[in-house]
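Below you'll find the structure, written out as structure tokens, and then a few comments.
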Amino acid sequence: MENAKLLDAKGLACPMPVVKVKKEMDKMSAGEILEVHATDKGAKSDIPAWAKSSGNKILKEDQEEDVLKFWVEKA
């Protein structure tokens, strides 16, 4: 994804990946994309659930080895 800001949440345990995503998204403008890298397995369900409840949109999810990747578009 082009023009994505990267948030490295690798090594953080629940709920910190979601907390970091929320803080970063609060600084962003509508339409901007945040790329998130996390290793906490809980992030696989937590980040999409947070995005849905906050009105933001998961554009793509991926996994490379033990790193979960999400592209979240700011609503």
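The values are calculated or read from the model by the stated rules, or taken from the named source; none is laboratory data. From a predicted model like this one, the values you see are computed outputs, not experimental measurements. Glycine also receives a Cβ, built like all others from the backbone with ideal geometry; neighbour counts cover every protein chain displayed. We work out accessible area using only protein heavy atoms, side chains counted, and drop any ligands, DNA or RNA first. Shrake-Rupley method; radii C 1.70, N 1.55, O 1.52, S 1.80 Å.
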(request) Quick one: dipole size for the stretch 10-67, taken about the Cα centre, charges +1 on Lys/Arg Cβ and -1 on Asp/Glu Cβ, in debye to the nearest 20. (result) 300 debye
(request) Name the aspartates and glutamates eligible as straight-distance cross-link partners of LYS44: C-alpha to C-alpha under 20 Å, and not fewer than 8 places from it in the same chain. (result) ASP8, GLU24, GLU35, GLU61, ASP62, GLU64, GLU65, ASP66, GLU73
(request) Take every DSSP beta bridge whose two residues both sit in the chain, then give the antiparallel share in percent to the nearest 5. (result) 70 percent
(request) Please report, as a whole percent, how much of the solvent-accessible surface of the chain comes from carbon and sulfur atoms (probe radius 1.4 Å). (result) 50 percent
(request) Quote to one decimal, in nm, the extra length available between ALA30 and ASP8 on full extension: 0.36 nm per residue of separation minus the C-alpha distance between them. (result) 5.8 nm
(message) For the chain, take the longest principal axis of its alpha carbons; what is the angle in degrees between that and the long axis of helix 43-54, to the nearest 10 within 0 to 90?
(response) 20 degrees
(message) Please list, ordered by chain and number, the residues whose modelled amide H lies under 5 Å from the amide H of GLU32; skip anything fewer than 5 residues away on the same chain.
(response) LYS74
(request) Kindly report the accessible area of the chain per residue (heavy atoms of protein chains, probe 1.4 Å, no ligands, DNA or RNA), in Å². (result) 60 Å²
(request) Please return the longest stretch of the chain lacking exposed loop sites, where GluC sites (Glu not before Pro) count only if DSSP places them in a loop and at most 15 other Cβ atoms lie within 10 Å. (result) 33-64
(request) Enter the angle in degrees (range 0 to 90, nearest 10) between the Cα long axis of helix 16-26 and the first principal axis of the Cα atoms of the chain, meaning the one along which they spread out most. (result) 10 degrees
(request) List every residue whose amide H lies under 5 Å from the amide H of LYS57, counting only residues 5 or more places away in sequence or on a different chain, with H placed 1.01 Å from N in the peptide plane. (result) GLU73, ALA75
